[in-house]
Amino acid sequence: MDLAVKLAEGFTGIFQAGGENLMGLVTGILPTLLVLLTFVNALIAIIGEQRVTHFSQKMTKFRILRYTLLPVMSLFFLTNPMCYTMGRFLDEKEKPAFIDACFSFAHPITGIFPHGNAGELFVWTGISSGITALGYSISPLAIRYFLAGIIIIFIRGMVTEFLTRMIMAKSETKKEVV
């Protein structure tokens with residue numbers, strides 16, 4: 001009987017800990033997240049959606065911007081999952097690489113801009129709570145993670161574009177043979 005009681009208490013304890021964590025988020029990061037999201041939407045409205053679209057089309061001509069600045073701006077302004085719609089400005093051979101870059105940057109953006117991918121916030125808060133428990137600031141970690149993320153998305157974008165072009169070329173030669 002003691003074992004059953006301990007299992008029941010442990011099971012209930014999991015949900016109590018989850019509730020405490022949720023309340024911490026409600027009083028901590030969620031208000032910041034809502035204000036950031038409102039700010040970004042207001043900024044897009046002030047700049048104008050057509051201007052943002054025109055700027056994005058110009059950026060896609062350059063690989064370094066296509067796989068660094070465009071995914072960063074997409075996640076910042078449109079957040080996840082709307083950020084993937086910016087791929088509409090790309091050639092078909094570049095779209096998989098852009099999507100890969102966005103996927104890869106969805107977590108590194110949360111340390112500085114938590115509104116970018118609120119779904120990944122639990123990972124960042126878990127990491128950052130350990131850092132703050134040790135008495136350190138999380139800002140240097142967030143900045144390093146953000147910069148490392150930009151480097152990674154550029155590399156992944158380039159590799160994925162290369163592989164996509166190679167596979168598409170092979171599939172086109174197979175079509176010609178048939």
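Taking the chain as a Gaussian network of alpha-carbon nodes connected by springs under 10 Å, the highest mean-square fluctuation of the residues Glu20, Glu49, Glu94 belongs to Glu20.
Output needed for the range 89-132: three equivalent-ellipsoid semi-axes, defined as square roots of 5 times the C-alpha gyration tensor eigenvalues, in descending order, whole Å. Please list the in-between numbers first.
On the way: eigenvalues 160, 15, 9 Å².
Working through the eigenvalues yields semi-axes of 28, 9, 7 Å.
Farthest towards the positive end of the charge dipole of the range 1-96, among the residues Gly18, Leu43, Gly28, is the Cα of Leu43, using unit charges on the Cβ of Lys, Arg, Asp and Glu. Please tell me the relative contact order of the range 21-178 in percent, rounded to the nearest whole number, where contacts are Cα pairs under 8 Å and at least six residues apart. The normalised contact order for the range 21-178 reaches 24 percent.
Before rounding to the nearest 500, sum -39500 (n - 2.57) across all DSSP H runs of length at least 4 in the chain and divide by the residue total; then give [θ] at 222 nm in deg cm²/dmol.
-24500 deg cm²/dmol
Over the chain, one equal point on each Cα, no solvent: what is log10 I(q)/I(0) by the Debye formula at q = 0.14 Å⁻¹? Treating every Cα as an identical point scatterer, log10 I(q)/I(0) equals -0.84.
Each label point was placed 7 Å from the Cα along the Cα-to-Cβ direction; for Ile167 and Thr132 their separation is 4.1 nm.
Within the listed set Ala45, Ala142, Ala133, the residue fluctuating most in the Gaussian network model of the chain (springs between alpha-carbon atoms under 10 angstrom) is Ala133. Approximating the spin labels as points 7 Å out from Cα along Cα→Cβ, the Leu37-to-Glu20 distance works out to 2.7 nm. Our coupling estimate for the range 148-155, obtained by passing each phi through the Karplus curve with A = 6.51, B = -1.76, C = 1.60 and θ = phi - 60°, is 5, x, 5, 5, 5, 5, 5, 4 Hz, Gly and Pro reported as x. Distance between the pseudo-spin-label points of Ser139 and Phe103 (7 Å out from Cα toward the beta carbon): 3.5 nm. Taking chymotrypsin sites (Phe, Trp or Tyr not before Pro) as exposed when their DSSP state is a loop state and no more than 12 other Cβ atoms lie within 10 Å, the longest site-free interval of the chain runs over 63-135.
For the range 87-173, state the semi-axes of the equivalent ellipsoid (square roots of 5 times the eigenvalues of the alpha-carbon gyration tensor), sorted largest first and rounded to whole angstrom. Provide the component values of the computation, followed by the final result.
Working: eigenvalues 232, 28, 17 Å².
Gyration-tensor ellipsoid for the range 87-173: 34, 12, 9 Å.
Please identify every one of the trypsin sites (Lys or Arg not before Pro) in the range 76-173 that sits in a loop by DSSP and has no more than 16 other beta carbons within 10 Å of its own beta carbon.
On the way: sites: Arg88, Lys93, Arg144, Arg156, Arg165, Lys170; in loops: Lys93.
Qualifying residues, ordered by number: Lys93.
Only the coordinates and a few stated rules stand behind these numbers; no lab work does. Fair warning: this is a prediction, and the values are worked out from it, not measured in the lab. In this analysis, Cβ positions are derived from the backbone assuming ideal geometry, glycine residues included, and neighbour counts consider all displayed protein chains.
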